[in-house]
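The values are calculated or read from the model by the stated rules, or taken from the named source; none is laboratory data. Model, not experiment: these values are computed from the prediction. Counting neighbours? That spans all protein chains shown, and the Cβs are built from the backbone with ideal geometry, glycine included.
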Amino acid sequence: MLKVEAATFDLNPVPYRLTMIGLYLLIIVLLYHFILQIGGQWIAAVTTVSLFGFFPRNHQVIFWFAAMQDLIVGVCFLLVASFFLKYRDTDKSKHYYAALLLFLIALGFKETAVAILPTLVIIEVYRNKSVNNLAHFKFWRAYIPFGIALCGFVLYVFADRWMNELQSVKTFHQFAGFINVIKLLGRYVINVLLPFSHPVELRELKYSLLLVFVLLETATIIIAALALERRRELFLAGGWLIINLIPVALFSFYNDRYLFIPFVGIAFLLGSLAERIVYWFGAFRFKLLPRMAVLGLLSVYLIVSMMRLYGYQARWREAAQEVKSVVSETARLYPQVPTGSTFYFINLTHSVSQGQIYVLNNGLDGALWAQGYDRSVKAVKIFKSDTPYQQDLTEKTLVCENDDEDPKFLNVSRHQYIFIYKEGELIDRSASECANSLVKESIMLHPEFWVN
């Protein structure tokens, strides 16, 4: 989709932003319909979409263009579930093929879509109010094409990983071991339960009031679900959460946007509890009081969430300033460069806010192209880091001086440009043989630090 928009609108940010907003709103509408489809009433549906739509940890899928694939998977996820349930209700093949096609599309956008299939199973178990159907082949027959597609996708992904291992190519996402998977699952669950905090690490819970709060919150939700006869909803919420967290815990690291789909389960459980409370009190002729209580609690959540999201928006804007500074200063120094030139940037910021607000982790090439550079021009960067080697490279390059009064002459012959970003300033070392030697040596000895 990003390529289609780039071809249609070039690099104007407005269409991308509108697309992100449109996809996010579409997911909210689809989620509302899905809650009604699986038997929830309007109170449960409104509460669920309100909790989900203003979930503070969704900031990445709201403000970061690269997270568009997460939104597309979210749309496909809910449409697959909706069409598949319609197929079960009507036995119309058009609904089945629509669900299968959307499942394939989701797999094409992101690996986390593998969780759609097992989530479908627990949704059906929830709707059927029984696990007896699991023992019959008729139940599983509709899943066979989905399973074949999933197995083919998994084989493709793992074959690619195995080939990389054989060729000694280091991939970005790697299996970190079962102990780390369990730890990461725990961290994700903790951060679902602490939506207004910074990204919490497990070690922060040791001898902390946060641990007490998380335990009390978990116990309250479970006890409320059992007391209000919402065991099925508890099963669906727990299964939804864990199933959709396992793929990212296996081959990834903590990231707020990976809670986007898993949080739906928790939001649904809380929505169903709100619905049960309202109708339970309604049986005793206290209809207005429980509704006002639910509305009041939801209003507090929405206000705090909007404040939190507003804070995230400010930080995303601050991050964008560095991008703007780097790109505009590069264009000012060298408004025109030869085809195939390379910009080397040292000490750029990858991300801030514990890695949750991205700055220049990707997209620098596109930003330079938007300034009018030819698409053969590329940017190679090394990020700011606590690593002694990277800090030493930055300081050594800064000490270098340009060797010619007119650095453009050397750059035209060399087709490469070297910059250091330091304290908000882009420092040009393109005409320095010293800097050129340091960069060449660094790329040869430590290519893992350099990112295209």
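Taking the range 388-403 as the search range and keeping residues that are surrounded by 15 or more Cβ atoms within 10 Å (Cβ to Cβ) and polar (S, T, N, Q), which one is nearest to the chain's Cα centre (by Cα)?
Gln390
For (1) assigned by TED's automatic domain parsing to the domain that holds Ala274; (2) at pLDDT below 95; (3) over 21 Å from Leu298 (Cα atoms); (4) not in a loop (DSSP other than H, G, I, E, B), each residue gets a yes or a no:
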site: Leu31; (1), (2), (3), (4): yes, no, no, yes
site: Gly39; (1), (2), (3), (4): yes, yes, yes, no
site: Ala66; (1), (2), (3), (4): yes, yes, yes, yes
site: Asp89; (1), (2), (3), (4): yes, yes, yes, yes
site: Ala113; (1), (2), (3), (4): yes, yes, yes, yes
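Does Ala249 satisfy the criteria of being surrounded by 18 or more Cβ atoms within 10 Å (Cβ to Cβ), in contact with a Phe, Trp or Tyr (Cβ under 9 Å, 6 or more places away or on another chain) and part of a helix (DSSP H, G or I)?
Taking the combined requirement at face value, the residue satisfies it.
Confirm whether Thr339 is among the polar types (S, T, N, Q), surrounded by fewer than 20 Cβ atoms within 10 Å (Cβ to Cβ) and either assigned by TED's automatic domain parsing to the domain that holds Leu184 or over 22 Å from Leu78 (Cβ atoms) (or both).
yes
Within the bounds of the range 26-47, is there any residue that is more than 18 Å from Ala267 (Cα to Cα), small (Gly, Ala, Ser) and surrounded by fewer than 16 Cβ atoms within 10 Å (Cβ to Cβ)?
Among the residues of the range 26-47, not one is more than 18 Å from Ala267 (Cα to Cα), small (Gly, Ala, Ser) and surrounded by fewer than 16 Cβ atoms within 10 Å (Cβ to Cβ), which makes the answer no.
Kindly indicate the residue of the range 202-246 that is of a type in the set (Phe, Trp, Tyr) and in a helix (DSSP H, G or I) and also surrounded by the most Cβ atoms within 10 Å (Cβ to Cβ) among those meeting that condition. Spell out the reasoning first.
To start, the set of residues in the range 202-246 that are of a type in the set (Phe, Trp, Tyr) comprises 207, 213, 235, 240.
Imposing the further condition that a residue be in a helix (DSSP H, G or I) reduces the set to 213, 235, 240.
Values: Phe213: 14, Phe235: 16, Trp240: 25.
Among them, the one singled out is Trp240.
Within the range 30-64, which residues are among the hydroxyl-bearing types (Ser, Thr, Tyr) and without any contact (Cβ under 8 Å) to a residue 60 or more places away in the chain?
Our first condition is that a residue be among the hydroxyl-bearing types (Ser, Thr, Tyr); within the range 30-64, this holds for 32, 47-48, 50.
If the condition is that a residue be among the hydroxyl-bearing types (Ser, Thr, Tyr) and without any contact (Cβ under 8 Å) to a residue 60 or more places away in the chain, then Tyr32 is the only one that fits.
For residues that are touching a residue at least 12 places away in the same chain (Cβ under 8 Å) and acidic (Asp, Glu), tally how many sit in the range 176-217.
2
Residues are listed down the side, and each one gets a yes or a no for (1) modelled with pLDDT under 90; (2) not polar (S, T, N, Q):
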position	(1), (2)
Ser341	no, no
Asn361	yes, no
Gly366	yes, yes
Ala379	no, yes
Tyr389	yes, yes
Asp403	yes, yes
Arg414	yes, yes
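Scanning for something crowded, with 18+ Cβ neighbours inside 10 Å, of a type in the set (S, T, N, Q) and in a helix (DSSP H, G or I), does the range 306-316 turn up at least one residue?
No, that holds for no residue.
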